[in-house]
1. Put 68, 239 in order of accessible area, largest first, 1.4 Å probe: what do you get?
2. In the full protein assembly as shown, how much of residue 324 is accessible to a 1.4 Å probe, in Å² to the nearest 10?
3. Checking the a/c ratio against 1.5 first, then a/b against b/c, what shape does the Cα gyration tensor give for the range 257-348?
4. Provide 310, 25 ordered by accessible surface of protein heavy atoms (probe 1.4 Å), highest first.
5. Once phi is turned into θ = phi - 60°, what whole-Hz ³J(HN,Hα) does the Karplus curve with 6.51, -1.76 and 1.60 give for every residue of the range 276-283, x standing for Gly and Pro?
6. When only the heavy atoms of the protein chains count and the probe is 1.4 Å, how do 47, 370 rank by accessible area, highest first?
7. On the full set of protein chains, 1.4 Å probe, figure out the accessible area of residue 110 and give it in Å² to the nearest 10.
8. For residue 278, what accessible area in Å² do you get when you roll a 1.4 Å probe over the heavy atoms of the protein chains, rounding to the nearest 10?
Amino acid sequence: MERSGATGLRGPATPLWLRWLPALYIAFLLLLEPLTPVQWPVSFLLIALPLVAAYAHGPAVVAAVTVFAVVFEGVLAGTPCCAGRSVGYLWERHYVASYISTALVGVLGTILAAHRIHRERTLATVRSVAETAQRVLLRPVPRRLGQICVETLYLSAAAEARIGGDLYEAVPTTYGVRLLIGDVRGKGLVAVETAAAMLGAFREVAHDEPDLAGVARRVEKSMNRRAALLPGSEGAERFVTAVFAEIPDDEPVVRIVNCGHPPPLLIAGDSVTELDSDDPSLPLNLGVLVGDEYHVDVVPFHPGNQLLLYTDGVTEARNRAGDFYPLAERVRSWCRFPPHELLDSLHQDLLAHSGGNLDDDTAALAAYRIPEAAPGRDDGSRDRAEACRSEELGDGSARTDPHRTEPHRAGPPRTGPGRTDSPHTRPPESDPPASDPPLSGPAGSGPAAPSGQ
């Protein structure tokens, strides 16, 4: 929940209990007053009331609360009907000292409230700029690219900044749909600058290079030129792990170039396969050390199959026991989910596994090849295609978690039939097309929730 400031920016809303805390504090004193002897006045506790109000209210409210506190101290000090004391107590020196102290604390509380509101507005401005920068850097990916349905997920380790060094992109070209996911070394503005340079290079060369290895090579050269302009060893330290993927329109395959990045997952039917590269390349901007040769792995990718690209923020998320997130194992329970539901399940389960405390930026991209429904046959293909068309009507924005430290609460995920295939076994080229998985779960069901540890 958020609130609007005077500048129109929106910041986190103050919790309801904190806004009512001054009233609760006064009620506590009224209950305590009759229980204490006359010579033990609790009105001195009202000195703290302005500071209590400063936590949740503005300077004007704090000033008004200060005046109320001073008047109420006088009422408790010298009103026989309420406190059992004579009127003469009203100007007794201890009570006068209490009035002065309350007024001084009220001035400090008013200044504190003004400073807090200024900081909140500054934070709202920073968050607004970060959100705008992220939309420029990670612009919304179309959810439908020809026969490919695409969904993205992004979680920033910097909860207030909402921006980091992980990146993704999907570009429709004459050579097919080309995908990119990457992870920049380091964090902060340096990582953001490097990610922006890489995305700009990829968006340009993806349309020009007929070969996927050529795309990686051109991006590498662009990164090298930019790094050469940086002082000292700073340029050499700005390397990026990445996976380039190409899904041609006229072939049931996916081509992959892996540059030191975690291997993608291929979801075919009820099996999940880690697509380890036969000859992985070094991360980008390190290829100059051994040459810029890139090996292209070709893997069957039939209609109804799904490809999941992700960064190491997913697999390196730890639970309280220090265990890494078992991505391949969890995805086996979601084999029949469409991209949007798959990433929703991953999002919730990842936050539950880590307790909402992610130590690294996290990005994921799911690409589903839509099968064509055979005439006169109702096998769910038509429903799947229609679901992807409806997704296309959305804004295409990446799923983000603006309040990363608040984990989702849910039960165990829905499970589907599993297989005992080795996760490192590449599907043979002769495998027949996988049967089309249904695009959604049972009617009325929402995204799957995380399984228990």
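1. Ranking 68, 239 by accessible area, largest first, yields 68, 239.
2. 110 Å²
3. Since a/c reaches 1.5 but b/c is at least a/b, the shape of the range 257-348 is classed as oblate.
4. Output order, biggest surface exposure first: 25, 310.
5. Karplus values, whole Hz, x for Gly and Pro: 5, 6, 5, 8, x, 9, 6, x.
6. Final ranking, largest accessible area leading: 47, 370.
7. Accessible area, nearest 10 Å²: 40 Å².
8. Its heavy atoms expose roughly 120 Å² to the probe.
The values are calculated or read from the model by the stated rules, or taken from the named source; none is laboratory data. None of the values given here were measured: they were computed from a predicted structure. We work out accessible area using only protein heavy atoms, side chains counted, and drop any ligands, DNA or RNA first. Shrake-Rupley method; radii C 1.70, N 1.55, O 1.52, S 1.80 Å.
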